[in-house]
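So the structure is just underneath, and the comments pick up after that.
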Amino acid sequence: MTLKPSKGISRRKFMLLSACAAVGFGTMSIGKRFQALAASKDIIPLSDLGNRDVFTTCGMCVNKCGVIARVRNGVIEKLDPNPYFLKSRSMLCARGNAGVDSVYSPDRLKYPMIRTGQRGEGKFRRASWDEALDLVVKNLSDLAEKYGRAGTVFVSSEEFQEHFFTTFAECYGSPNTLRHPSLCLSSNIQGFGATFGTNPTPDVLNTDYIIMSGANRSEALITPDSIDMLTGSGGRRKLVYLDPRFTKTAAKADEWFPIRPGTDMAFILAMIHVIVKENLYDRKFVEEQTEGFDKLVPHIEAYSPEWAAAKCEIPAEDIRRIAREFAMAAPKAVYYQGRRSSFFDNDTQMRRAMAILNAIIGNWDKIGGMVPNSQIPLEGHEFVAPFYEDIPERLEANAATYLSEKDGSWKYFRDRVLEQKPYPVKGMMIYKQNPLVSVANREKTLKMMEQMEFICTIDITMNDTACYSDVLLPEATYLEREDPIESLGGIHPVLVWREPCIKPMYESRPNLWIMQELAKRMGDEMSASFNYTMQEYREHQVKNNPEILKALKEKGVYYEKDTPTYGQTIGKKLKTKSGKIEIFSQKYADKGLDPLPVYKHPESGPAGQYRLILGRTAYMTHGTTANNAFLFDIMSENHIWLHTSEAMKKGLKDGQMVKVKSPLTTESLRLLITEKIRPDCVYLSHGFGVLSKGQRLIFGKGGSDAALVEDFVEPISGNMAMHHTFVEVTAA
Ligand SMILES: Nc1nc2c(c(=O)[nH]1)N[C@H]1C(S)=C(S)[C@@H](COP(=O)(O)OP(=O)(O)OC[C@H]3O[C@@H](n4cnc5c(=O)[nH]c(N)nc54)[C@H](O)[C@@H]3O)O[C@H]1N2
Ligand SMILES: Nc1nc2c(c(=O)[nH]1)N[C@H]1C(S)=C(S)[C@@H](COP(=O)(O)OP(=O)(O)OC[C@H]3O[C@@H](n4cnc5c(=O)[nH]c(N)nc54)[C@H](O)[C@@H]3O)O[C@H]1N2
Ligand code: SF4
Ligand SMILES: [Mo]
């Protein structure tokens, strides 16, 4: 039987399946597609594990929901939510349900591969593991000889086995690790961290008043918030939502304001103005727990609702009313900071403003307020990295004011690779990241990759980055792997792990094995850092605690206590310099940064052009899931959204092809005419317009936002700022 990308299962059937998963344990067969797969000798799992229900963890996005995999005759037939995992409120989303396709997709990476054609041509030959691993090690040794150990960058995103990859980088001796936060939430972490000493979690379940700006929780799912914001326990819940688009969250909100992009800080400063002027803040809390309120008072004098209305286009009387309602609901009120912040070049200061607004109403560490995260501690993995002399600082050291040593900054790093300053980087090891899709300005990433002498990608599918690599190492998927224990922090912290549902198919291997085999070839010293089995590693993580191991085995999760606790930090020193909540940041002042957030108005675009805004859909995770057969059934291309009035002016018709031109490139896209967006913006979702022909369902469909979006940067955290691009839209 030849395997073709197939839609095999109808959308209706799939939706039925999802609904079923949301309510209970029906073991509905996944249909003909999997019977056909099970019958194919090509891909019968090597499993002799038979019929089992496996408690494991979803790997389809960052939330890591609990899953029960129904394995029948050695095939994973269906995934159900694990009711013991409280954080997902017994839910698996569409992507979680569709996870089986990551195992059985005909487009997955099956064997180690070595490139035979030009980079990007997609021509590879199958290789043995020995040959591929030897080739990687030869290149890593040659690169170290030629350029030093810093001459190779280790690129990765969060995943349970990522730790082994970063350990390998450390043992190899490269200071250059490049992780996803500088494409995601590093300015958020920075802004809240500078104020509270940590990035707290809004207690959405118990709050009475939520303001969400730039956080589309009905589509950009974060559990449990996406569920709790609709259900809540209070019953008096109010949700105010600011977004240039009328999203599914807007549909569920009490009030929606189509805010002018990049002006959230004006709205927040005006709320602070009202709350301070009208004495609605929590005076006792402010006196006891915060620093610098006296400097805030004159600072916000000019930021009146009337001033803000002209900036953010939300009426002054609404700002004033919302500020009063918000303060009255305190402490059960949250200005929800969201997760991703890579929109504008003032995002860190915008998050500071959000943090200050929360602080002055005294919602800190209280039920229904902003609660610092707790975490169940795990025993660390100790290893001795070999010592190498003359290892330089990381390539982009000092580029951002507060650069994360561990995460780096994609924007600054890539620029320095291209300048070849202060030293050349010529090797790239990539684990579970797809920079050609996730880093703004794709052309620059292509140039960066072009000048690499060696690129190795460890992934599960032939994504764009794999297609431009030299050696591909197939990792086993999350449903085939035994993974370390992971401590998920939050208001109600939990331990989870992964158990294999079937044996890894084809020749895919878990990352620990891959790192062990590479380390072995690098020599004894390095190999010593990987000298354990997964079982030993997991036992070490929990000091062999039988209670934890039993709970994980039987329920897939371990909670230390039944309910969250509040107020643990009250009266204690926070992790800021003063030990208090820093409204005025002396730390920022010392670095020459604004110690209180100063409003900066975003530029207007050229006449006739639109600001390009990005955002999630509920059916896709980044650029990872578009080629998933089930999800492709729901969404098979991305449309460019344009407001009806603008489309009429241009004589454009719904569904027709248009050219979208940014200063970087032009993409052809299908037009969606809608009232659900501001007339000065267009919107495009992420993950389409791929370069790799190895993603057979979606190759040739939709367009790439990464190609269109320019690479501006937020200079305090080094976060990519992705909403400064303006585009023209014309008929194709
Ligand atoms: N389904 C799904 N869920 C996910 C993910 C996924 O890929 N798919 N990814 C996860 C990850 S890693 C992250 S970081 C989070 C991201 O979570 P979010 O940050 O909530 O997600 P986005 O959709 O990127 O952006 C949210 C909204 O901001 C709006 N927006 C744009 N500009 C502005 C502005 O200037 N002001 C305001 N107020 N709004 C603006 C956009 O229109 C969009 O609807 O989602 C997580 N959850
Ligand atoms: N233009 C644009 N760019 C963006 C965003 C946007 O909205 N628009 N969002 C930004 C945000 S918030 C984030 S967090 C980043 C995320 O972007 P990335 O850090 O690139 O992460 P992902 O897209 O989640 O996953 C990357 C790769 O992991 C692979 N993968 C999946 N599971 C496994 C596995 O088990 N093992 C291995 N080895 N590989 C696996 C997938 O095939 C995929 O190719 O993108 C950012 N970039
Ligand atoms: S939100 Fe969906 S994709 Fe993400 S972990 Fe949960 S079920 Fe999986
Ligand atoms: Mo993210």
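The values are calculated or read from the model by the stated rules, or taken from the named source; none is laboratory data. Here the structure is a predicted model, which is why all the values come from computation and not from measurement. Cβ atoms come from the backbone with ideal geometry, glycine included; neighbour counts cover every protein chain shown.
Looking across region 70-101, the residues that are part of a loop (DSSP other than H, G, I, E, B) and closer than 30 Å to ILE491 by Cβ come down to ASN82, PRO83, TYR84, PHE85, ARG89, SER90, MET91, LEU92, CYS93, ALA98, GLY99. In summary, GLU637 fulfils each of the numbered conditions (1) away from ligand 4 (no atom under 16 Å from the Cβ); (2) closer than 22 Å to HIS724 by Cα; (3) among the charged types (D, E, K, R); (4) within 26 Å of the chain's Cα centre (by Cα) with the single exception of condition (2).
Among the residues making up region 480-489, those that are within 14 Å of ligand 2 (Cβ to nearest atom) and either over 19 Å from GLU162 (Cα atoms) or in a loop (DSSP other than H, G, I, E, B) (or both) are GLU480, ARG481, GLU482.
Which residue, of GLU313, GLU291, is on the phi > 0 side of the Ramachandran plot and in contact (Cβ under 8 Å) with a residue 12 or more places away in the chain? Of the residues listed, the single one that is on the phi > 0 side of the Ramachandran plot and in contact (Cβ under 8 Å) with a residue 12 or more places away in the chain is GLU313.
Of the residues ASP203, ASP228, the single one that is at pLDDT 95 or above, away from ligand 2 (no atom under 15 Å from the Cβ) and within 19 Å of THR249 (Cβ to Cβ) is ASP203. Taken together, the residues in region 47-62 that are within 16 Å of ligand 1 (Cβ to nearest atom) and either in contact with a helix residue (DSSP H, G or I) (Cβ under 7 Å, 6 or more places away or on another chain) or free of Cβ contacts under 8 Å to residues at least 60 places away in the same chain (or both) amount to 3. The C-beta contact set for region 235-261 (first residue closer than 15 Å to VAL204 by Cα, second residue within 16 Å of ligand 4 (Cβ to nearest atom), distance under 6 angstrom, 6+ apart or interchain) comprises THR249/ASN216; THR249/ARG217.
Could you please let me know if SER88 is more than 12 Å from ligand 3 (Cβ to nearest atom) and either more than 24 Å from ASP633 (Cα to Cα) or modelled with pLDDT of 95 or more (or both)?
Judged against the criteria, SER88 is not a match.
Restricting attention to region 116-163, the residues being surrounded by 17 or more Cβ atoms within 10 Å (Cβ to Cβ) and either among the polar types (S, T, N, Q) or outside the structural domain of LYS520 (by TED's automatic domain parsing) (or both) number 5.
From the list GLU517, GLU480, GLU475, the lone residue that is surrounded by fewer than 22 Cβ atoms within 10 Å (Cβ to Cβ) and either within 26 Å of ARG414 (Cα to Cα) or among the acidic types (Asp, Glu) (or both) is GLU517. Exactly one residue out of THR477, THR533 is over 19 Å from GLY151 (Cα atoms), away from ligand 2 (no atom under 15 Å from the Cβ) and at pLDDT 95 or above, and it is THR533.
When you scan region 284-369 for helices (runs of 4 or more DSSP H) that lie fully inside it, which ones turn up with 2 or more residues that are within 30 Å of ASP711 (Cα to Cα), modelled with pLDDT of 95 or more and not basic (Lys, Arg)?
305-312, 347-360
Please verify whether PHE343 is among the aromatic types (Phe, Trp, Tyr) and crowded, with 23+ Cβ neighbours inside 10 Å, treating the condition exactly as stated. So PHE343 passes the test. Can you confirm whether MET429 is over 30 Å from ILE570 (Cα atoms), within 16 Å of ligand 2 (Cβ to nearest atom) and buried (at least 24 other Cβ atoms within 10 Å of the Cβ)? Against the criterion (over 30 Å from ILE570 (Cα atoms), within 16 Å of ligand 2 (Cβ to nearest atom) and buried (at least 24 other Cβ atoms within 10 Å of the Cβ)), MET429 qualifies. Exactly one residue out of THR249, THR231 is on the phi < 0 side of the Ramachandran plot, over 21 Å from the mean Cα position of the chain (by Cα) and either within 15 Å of ligand 3 (Cβ to nearest atom) or of a type in the set (S, T, N, Q) (or both), and it is THR231.
State all residues of region 418-445 that are of a type in the set (A, V, I, L, M), away from ligand 1 (no atom under 16 Å from the Cβ) and touching a residue at least 60 places away in the same chain (Cβ under 8 Å); if no residue qualifies, say none. Result: VAL425, MET428, MET429, ILE430, LEU436. If you go through region 91-112 and keep only what is near ligand 3 (Cβ under 9 Å from one of its atoms) and at pLDDT 95 or above, you end up with LEU92, CYS93, ALA94, ARG95, GLY96, ASN97, ALA98, GLY99. Taken together, the residues in region 49-82 that are of a type in the set (Asp, Glu) and touching an Asp or Glu at 6+ places or on another chain (Cβ under 9 Å) amount to 2.
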